[in-house]
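First comes the structure, then the notes that go with it.
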Amino acid sequence: ADGINAEYGGVPARSDISPLNFHKIPDFIGVSVYCFMCQHSLPSFITPMKRQSRATLVLFCALLSSLGIYVVVCYTATFAFGPAQLADVYTLNFEGFSFAPIRYFLELYPVFCLTASYPIIGITLRNNLKTLFYKGEYPWAVDRILFPLLTIIPPTIIGLCTDSVEFLVTYTGAFSGVAIQYIIPACFVLIGRIKVKEVFGREASMVNKNHSIFGSNVWPILLLCWSACCMGFVTYYKISTAINSE
């Protein structure tokens, strides 16, 4: 951090770093939910396993490793740059770094990631839209033109309207992220357990050797309550901020 501090004028003053800023909690919730949106990677973790009984341990270690990396990045960023100087995209803080190859690599790293993942995400979204509206065959123009445009146009318009990454991540994490990661899986679990009992009856009470430690219905309900709190925090914060700014 000393080399970075030398580039940017020294270590931030202690008074500039507050232990906790309650006004930023809604943003923190949105960003944290967005960071841990890993449900799309779970099949690649579980499918290759020969012993599914270790799935809980493997996933726990993966999430714990991710948490450790986030903590290290946050602490080093806070003491190297200070909260006031941090850009929305962390790698943009290295714009003035003296060693050009590292500077260009760090600045272009988000571009590389998005360029590599955007086609896959776009194809997945297009296929989901096709399945959502109709499961048969579409005319060529609808299949090859309309659905790709429905996939590309909305994010393009949003990108042209705003460059605030904090704004986008907060809404993406707090609303769509909470719905995808918490609300929908919790509802699937609750409805699925009811359906299993209706179909299999008493046999549904048989213990699965790979069952989760969160097997009680209390956990999905608590997850739904936590989701409501997250969305309520962010909604209240955004509304109050908009009212106070007028």
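If the condition is being surrounded by 11 or more Cβ atoms within 10 Å (Cβ to Cβ) and either of a type in the set (Val, Ile, Thr) or over 24 Å from the mean Cα position of the chain (by Cα) (or both), then region 118-129 contributes Ile121, Ile123, Thr124. Tell me which residues, restricted to region 147-174, are without any contact (Cβ under 8 Å) to a residue 12 or more places away in the chain and surrounded by 14 or more Cβ atoms within 10 Å (Cβ to Cβ). Scanning region 147-174 gives Pro155, Phe167, Leu168.
Entry remark, region 95-147: residues being farther than 30 Å from Phe81 by Cβ, part of a helix (DSSP H, G or I) and among the charged types (D, E, K, R) number 4 in total. Scanning region 43-74 for residues that are more than 20 Å from the chain's Cα centre (by Cα) and either among the hydroxyl-bearing types (Ser, Thr, Tyr) or loosely packed, with under 11 Cβ neighbours inside 10 Å (or both) gives Thr47, Pro48, Lys50, Arg51, Ser53, Thr56, Leu57. Take the residues of region 96-117 that are in contact (Cβ under 8 Å) with a residue 40 or more places away in the chain and not polar (S, T, N, Q): which is surrounded by the most Cβ atoms within 10 Å (Cβ to Cβ)? Among those that are in contact (Cβ under 8 Å) with a residue 40 or more places away in the chain and not polar (S, T, N, Q), it is Phe97.
Among the numbered conditions (1) within 20 Å of the chain's Cα centre (by Cα); (2) not in a helix (DSSP H, G or I), the only one that Ile184 does not meet is (2). The residue that is nearest to Pro155 (Cα to Cα), counting only those in region 75-86 that are free of Cβ contacts under 8 Å to residues at least 40 places away in the same chain and surrounded by 14 or more Cβ atoms within 10 Å (Cβ to Cβ), is Leu86. Leu86 - would you say it is aliphatic (A, V, I, L, M), out of contact with any Lys or Arg (no Cβ under 6 Å at 6 or more places or on another chain) and assigned to a helix (DSSP H, G or I)? In short, no.
Read the figures in this text as sums done on the coordinates, not as results from a lab. Everything quoted here is computed from the prediction, not taken from an experiment. For neighbour counting, all protein chains shown are included, and Cβ atoms are generated from backbone atoms with ideal geometry for every residue, glycine included.
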